[in-house]
Amino acid sequence: MIDDLCQVLEQLRDRLQAQKSLLESNEAQTRVSLIDPLLRALGWPTDDPTAVQVEVQAGSGRADYLLRSGDQTIVVLEVKKLGEKLDIAHSAAVSYAWELLRQGQAPRYVGVSDGRRWLLYEPQQLKQPRYALDLADSQRSIPALALAFTEALWRRLYERIIPPPPPPPEWIPLTALRPHPGDPPPSRIRFPDGSERDLKTWKSLLLEVAEWLVAQGKLTSVACPVPMGPKQYLVNTEPIHPTGRSFVSKKRLSNGLWLNLNLSARDVVRSAQSLLNHFQIAPQQVLVSLRHGPPA
């Protein structure tokens, strides 16, 4: 198996150079010419939908590839054109993986590849990849590269896989939170740096997001005002909208800025996501723990 894999890796290295311009302009060609041959060499039959599924969607998440063993998803993979930026934080594959996580079917890895570089992450640790592999890495011989790919993606390693431990109970990404009238708020919120805060009300969710951005040095007076539609501000240095009207419900943040809290539960969630996006923080990286039982 290793000899065959070495031969495929050698061919793919040559192809990277010979067809560089074409592969950099065409994602579909990248998949056919780089991704599929390597997956097959690692034991994944790309024509068997019980093992490899393509273009799979769930909610806002999308996976270019699902690599499966039995009833378990091993890898959720997004593919880019050769040379394109590999950004796991804004990957649709992450949203798909979180949807699986919410259903109690956590994948082993979520990844992104441009056919040359492969980054595989554990779903709850997106800061550093578990595996970072590069077909064009001149510091690695072909046999060493083959061993590295085998450790990460050889299908036989997962044929009798031990299921990963279950995720923390009822943790879901903020993007999956869709409150209805009368729903209780989440009980806790967890930020990308691992810090957590208790939540007592829906408005406290937006407040904690704002205070976390303050602590990160992102939400400052220089960044204000933060708009919320054409006639309202979400955050401002004074509790006043662009129309001159005062904030009806407001809270002063720890750095003196004013947060508009005249919002329904659904608007709180939307505004929290909008505020995170405004400062280029992927809202799917913020988790909330759902409260059990009826509203208090």
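The values are calculated or read from the model by the stated rules, or taken from the named source; none is laboratory data. Everything quoted here is computed from the prediction, not taken from an experiment. We place every Cβ from the backbone using ideal geometry, glycine too, and count neighbours over all the protein chains shown.
For the stretch 131-142, which positions are outside any loop (DSSP other than H, G, I, E, B) and either modelled with pLDDT under 90 or closer than 14 Å to LEU12 by Cα (or both)?
So in the stretch 131-142, the residues outside any loop (DSSP other than H, G, I, E, B) come out as 131-134, 142.
Those that are outside any loop (DSSP other than H, G, I, E, B) and either modelled with pLDDT under 90 or closer than 14 Å to LEU12 by Cα (or both): LEU133, ASP134, ILE142.
For the stretch 268-285, name all the residues that are surrounded by 21 or more Cβ atoms within 10 Å (Cβ to Cβ) and hydroxyl-bearing (Ser, Thr, Tyr).
If the condition is that a residue be surrounded by 21 or more Cβ atoms within 10 Å (Cβ to Cβ) and hydroxyl-bearing (Ser, Thr, Tyr), then SER271 is the only one that fits.
Quick one: is ASP3 of a type outside the set (Lys, Arg) and over 27 Å from HIS90 (Cα atoms)? Before you say what the answer is, go through the steps one by one.
On the way: of a type outside the set (Lys, Arg): yes; over 27 Å from HIS90 (Cα atoms): yes.
Taking the combined requirement at face value, the residue satisfies it.
If I go through the stretch 189-211 residue by residue, how many of them are in a strand (DSSP E or B) and crowded, with 17+ Cβ neighbours inside 10 Å?
So the count comes out to 2.
Within the stretch 101-113, count every residue that is within 19 Å of VAL79 (Cα to Cα) and either surrounded by fewer than 23 Cβ atoms within 10 Å (Cβ to Cβ) or free of Cβ contacts under 8 Å to residues at least 60 places away in the same chain (or both).
Of the residues in the stretch 101-113, the ones within 19 Å of VAL79 (Cα to Cα) are 107-113.
Those left that are additionally either surrounded by fewer than 23 Cβ atoms within 10 Å (Cβ to Cβ) or free of Cβ contacts under 8 Å to residues at least 60 places away in the same chain (or both): 107-112.
Number of matching residues: 6.
Based on this model, can you work out whether THR46 counts as among the hydroxyl-bearing types (Ser, Thr, Tyr), in contact with a strand residue (DSSP E or B) (Cβ under 7 Å, 6 or more places away or on another chain) and surrounded by 21 or more Cβ atoms within 10 Å (Cβ to Cβ)? Let's see the steps before the verdict.
Working: among the hydroxyl-bearing types (Ser, Thr, Tyr): yes; in contact with a strand residue (DSSP E or B) (Cβ under 7 Å, 6 or more places away or on another chain): yes; surrounded by 21 or more Cβ atoms within 10 Å (Cβ to Cβ): no.
For THR46, the condition - among the hydroxyl-bearing types (Ser, Thr, Tyr), in contact with a strand residue (DSSP E or B) (Cβ under 7 Å, 6 or more places away or on another chain) and surrounded by 21 or more Cβ atoms within 10 Å (Cβ to Cβ) - is not met.
Of the conditions (1) more than 20 Å from ARG116 (Cα to Cα); (2) surrounded by 15 or more Cβ atoms within 10 Å (Cβ to Cβ); (3) without any contact (Cβ under 8 Å) to a residue 12 or more places away in the chain, ALA51 fails just one. Which one is it?
Result: ALA51 passes all but (3).
Taking the condition of being at pLDDT 90 or above and part of a strand (DSSP E or B), how many residues in the stretch 102-130 meet it?
The qualifying residues number 10.
Condition check ((1) out of contact with any helix residue (DSSP H, G or I) (no Cβ under 6 Å at 6 or more places or on another chain); (2) among the charged types (D, E, K, R)) across all residues:
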residue: LEU199; (1), (2): no, no
residue: LEU205; (1), (2): no, no
residue: ALA210; (1), (2): yes, no
residue: PRO230; (1), (2): yes, no
residue: TYR233; (1), (2): yes, no
residue: GLU238; (1), (2): yes, yes
residue: ASN262; (1), (2): yes, no
residue: VAL269; (1), (2): yes, no
residue: SER289; (1), (2): yes, no
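For HIS90, only one of the following conditions fails: (1) surrounded by fewer than 18 Cβ atoms within 10 Å (Cβ to Cβ); (2) more than 20 Å from GLN285 (Cα to Cα); (3) in contact (Cβ under 8 Å) with a residue 60 or more places away in the chain. What is its number?
Going through the list (1) surrounded by fewer than 18 Cβ atoms within 10 Å (Cβ to Cβ); (2) more than 20 Å from GLN285 (Cα to Cα); (3) in contact (Cβ under 8 Å) with a residue 60 or more places away in the chain, HIS90 breaks only (2).
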